[in-house]
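Note sheet for the following structure.
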């Protein structure tokens, strides 16, 4: 039997981190101490991956000694500034190698924080229990204090070791010894904070700092922790949540020595209940593995089973039944409640994730000379951090309202939130909580909508009530305003028969936002103000947001003027998609289902949607797992997969195609375990699910909140941990269950929302 192993790179990895991550919120890779750059943030390496397979752990392999070599490449700068980089947050400097072969840091602006000017080095590893010695030479043209740190490379950027050092024009040699007492870290950072630190005079002016002769050695590995043994995962992949009796049921087999047949056995009795044959094996370019598929759709009898192959071994257990998705669906929806901001979450409803009121202080408007604050309490925490962002938050609430419109029977009034039992479906109560916050983000004077509300920096790894820095409203953006106008028009339609007064409020807000857009030039995007390093969610093109707004207004009001406006926009100029940046498909769907009268324009929209769907179909046909991605798995690949499943269902509604529905279900199968990583990517469910999510409350409590969809494989390796551990890995297998890997293991409300739509179709 061929064994597949999940990489467990180091033992006892308990590194608390906390970044935030999603889409393209920012860049954490260059972030400094005590702040996160990429809006997404995690915690530790998979040290105790849930083992439910039948294979036993193997003995740890022998490891090479760490002794005797310098871990810092180019520590003498003989290769210029290679491997050495800078980070700025309000400061400025240039690094060069001077005529004496030293690294020269030419500081022109000190900034206001210790990390306003930072020089750093990445590309080494620290292992638990080892003793290390760092040495270097340094001087400065002025007397000042600098902080050296070896720290976690992400999240709260806490230091494993570090202290302030006094520098003078005289070159000094520095030696520091420390023991790595935390979990092993394959991607730490050596950095020097040269902003306003310690005794440094804020009026010091321009000056230079010099470094040379860096050495970092392991000097004692007597107490080194051994690498954790790899954990076997099955060579037969299935949807770990299970299947409804009438569902298509396809398992994927992998291995160079492939079975030709398989059987399904009762998990308790071992009795064979089904036998089938496999398709001819083929190499999958996404996984770089030989794979084949086995269809057992004919098995419809409720029960608990596993699949067995003579060569491929056994799959994880799975269930067939009408209610196999009910518990997971409820948890996926409940995640939105657990992300609520500005209110107390009581133990009655939130369990271990209860917390007092958070972020209830007013927010200042960026750039305003007034000290007045704006009440923007409420809404959902966006992701692993506690920021609230209009563009991503609008996508999330749009998805759940669309899910209700398309599959109202899937939603009840008993989800276990404070509003349960009030006679309104809980999904609408939850959506309203987000909508009421969005209403607060609209500027009452202009109708424009602030892009986001966050603190200046990402929080440390703390519970939400412990992030107490000043909240800041980032500037109004056209993209945020357009998204807002769209979801408010949608809400006016959805809540018309639920609460007509609230529906009217939403419609008025939508019209006010559209009036703002009509008075502003198209193309105004958003970039972070210099002092704010939280998730950016940049978007330079607002055509698709404007289009979506008019499409929803047309669908809700049936007013011909909105159809006239939107059909004057060439659809080819619209960014099509179901993400936070490209929202054109939302507009196209709204128009096609809104009672259109312009047949020619409708044909154009249908053709664009069909073109996108045909690309999805091609990808599924080329992948044994029928995954809708091919070649590249982007940051938040699981959102992309869920979005594609959602689009397939939308197109099935528009021009019915049995293949659409079948392949939409295949995307859900992938997310729940039928993938090359053997993970059910929904926390708390399946035989193997993420346990070390990039999500601050989960990190603080050392348990992943149930019902969160993690980002999944990121073949671009967009965080230091991923890059350090998975370089050269096949695209579809670039996933690690570690909180430090924000590009793989962060969670967001707008990753859950398309999954809610997808699951509602099969509830």
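A quick yes/no check of all residues on (1) buried (at least 17 other Cβ atoms within 10 Å of the Cβ); (2) at pLDDT 95 or above; (3) more than 25 Å from the chain's Cα centre (by Cα); (4) in a loop (DSSP other than H, G, I, E, B):
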site: 419; (1), (2), (3), (4): yes, yes, yes, yes
site: 422; (1), (2), (3), (4): no, yes, yes, yes
site: 428; (1), (2), (3), (4): yes, yes, no, no
site: 433; (1), (2), (3), (4): yes, yes, no, no
site: 437; (1), (2), (3), (4): yes, yes, no, no
site: 447; (1), (2), (3), (4): yes, yes, yes, yes
site: 456; (1), (2), (3), (4): yes, no, no, yes
site: 465; (1), (2), (3), (4): no, yes, no, no
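Can you confirm whether residue 673 is in contact with a strand residue (DSSP E or B) (Cβ under 8 Å, 6 or more places away or on another chain), over 17 Å from residue 739 (Cβ atoms) and crowded, with 23+ Cβ neighbours inside 10 Å?
Yes: the conditions hold for residue 673.
Tell me which of these residue 129 doesn't satisfy, since it passes every other one: (1) modelled with pLDDT of 95 or more; (2) in contact with a helix residue (DSSP H, G or I) (Cβ under 9 Å, 6 or more places away or on another chain); (3) assigned to a loop (DSSP other than H, G, I, E, B); (4) within 28 Å of residue 741 (Cβ to Cβ).
With respect to (1) modelled with pLDDT of 95 or more; (2) in contact with a helix residue (DSSP H, G or I) (Cβ under 9 Å, 6 or more places away or on another chain); (3) assigned to a loop (DSSP other than H, G, I, E, B); (4) within 28 Å of residue 741 (Cβ to Cβ), residue 129 is out only on (2).
Here's the yes/no breakdown for (1) modelled with pLDDT of 95 or more; (2) part of a strand (DSSP E or B):
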{"position": "248", "(1), (2)": "yes, no"}
{"position": "253", "(1), (2)": "yes, yes"}
{"position": "256", "(1), (2)": "no, no"}
{"position": "259", "(1), (2)": "no, no"}
{"position": "265", "(1), (2)": "yes, yes"}
{"position": "269", "(1), (2)": "yes, no"}
{"position": "275", "(1), (2)": "yes, yes"}
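Considering 372, 403, 398, 383, which residue is crowded, with 24+ Cβ neighbours inside 10 Å and either under 18 Å from the mean Cα position of the chain (by Cα) or at pLDDT below 95 (or both)?
383
Out of segment 676-687, which residues are out of contact with any helix residue (DSSP H, G or I) (no Cβ under 9 Å at 6 or more places or on another chain) and surrounded by fewer than 24 Cβ atoms within 10 Å (Cβ to Cβ)?
Scanning segment 676-687 gives a single hit, 687.
With respect to residue 108, is the statement that it is farther than 19 Å from residue 216 by Cβ, loosely packed, with under 15 Cβ neighbours inside 10 Å and either at pLDDT below 95 or in the same structural domain as residue 686 (by TED's automatic domain parsing) (or both) true?
Taking the combined requirement at face value, the residue does not satisfy it.
Kindly establish whether residue 335 is within 30 Å of residue 396 (Cα to Cα) and either touching a strand residue (DSSP E or B) at 6+ places or on another chain (Cβ under 6 Å) or surrounded by 16 or more Cβ atoms within 10 Å (Cβ to Cβ) (or both).
Yes.
Within segment 721-763, can you find the residues that are in contact with a strand residue (DSSP E or B) (Cβ under 9 Å, 6 or more places away or on another chain) and part of a loop (DSSP other than H, G, I, E, B)?
730, 735, 736, 737, 738, 739, 740, 741, 748
Only one residue in 260, 292, 269, 315 is under 26 Å from residue 628 (Cβ atoms) and more than 29 Å from the chain's Cα centre (by Cα), so which one is that? Working first, answer last.
On the way: 260 fails: under 26 Å from residue 628 (Cβ atoms); 269 fails: under 26 Å from residue 628 (Cβ atoms); 315 fails: more than 29 Å from the chain's Cα centre (by Cα).
Answer to the selection: 292.
Mind counting the residues in segment 142-174 that are closer than 13 Å to residue 194 by Cα and not in a strand (DSSP E or B)? Don't jump to the end; show me each part of the working.
Filtering segment 142-174 for residues closer than 13 Å to residue 194 by Cα gives 142-149, 163-167.
So of that shortlist, the ones also not in a strand (DSSP E or B) come out as 142-143.
Number satisfying all stated conditions: 2.
Report yes if residue 163 is without any contact (Cβ under 8 Å) to a residue 40 or more places away in the chain and surrounded by fewer than 18 Cβ atoms within 10 Å (Cβ to Cβ), otherwise no. Write out each step before concluding.
Working: without any contact (Cβ under 8 Å) to a residue 40 or more places away in the chain: yes; surrounded by fewer than 18 Cβ atoms within 10 Å (Cβ to Cβ): yes.
So residue 163 passes the test.
Looking at (1) surrounded by fewer than 24 Cβ atoms within 10 Å (Cβ to Cβ); (2) touching a helix residue (DSSP H, G or I) at 6+ places or on another chain (Cβ under 8 Å); (3) under 30 Å from residue 116 (Cβ atoms), find the lone condition where residue 530 falls short.
(2)
Can you tell me which of (1) buried (at least 24 other Cβ atoms within 10 Å of the Cβ); (2) more than 19 Å from residue 351 (Cα to Cα) is the one residue 716 doesn't meet?
The one condition residue 716 does not meet is (1).
May I ask you to list the residues in segment 644-658 that are outside any helix (DSSP H, G or I) and loosely packed, with under 15 Cβ neighbours inside 10 Å?
First, pick out the residues of segment 644-658 that are outside any helix (DSSP H, G or I): 656-657.
The one that is outside any helix (DSSP H, G or I) and loosely packed, with under 15 Cβ neighbours inside 10 Å: 656.
Within segment 586-620, restricting attention to residues that are in contact (Cβ under 8 Å) with a residue 40 or more places away in the chain and out of contact with any helix residue (DSSP H, G or I) (no Cβ under 6 Å at 6 or more places or on another chain), which residue is surrounded by the fewest Cβ atoms within 10 Å (Cβ to Cβ)?
Per the criteria, the residue is 595.
If a residue must be in contact with a helix residue (DSSP H, G or I) (Cβ under 9 Å, 6 or more places away or on another chain) and not in a strand (DSSP E or B), how many such residues does segment 72-122 contain?
Qualifying residue count, segment 72-122: 4.
The values are calculated or read from the model by the stated rules, or taken from the named source; none is laboratory data. These numbers come from a predicted model, not from an experiment. Neighbour counts run over all protein chains shown; Cβ positions are idealised from the backbone, glycine included.
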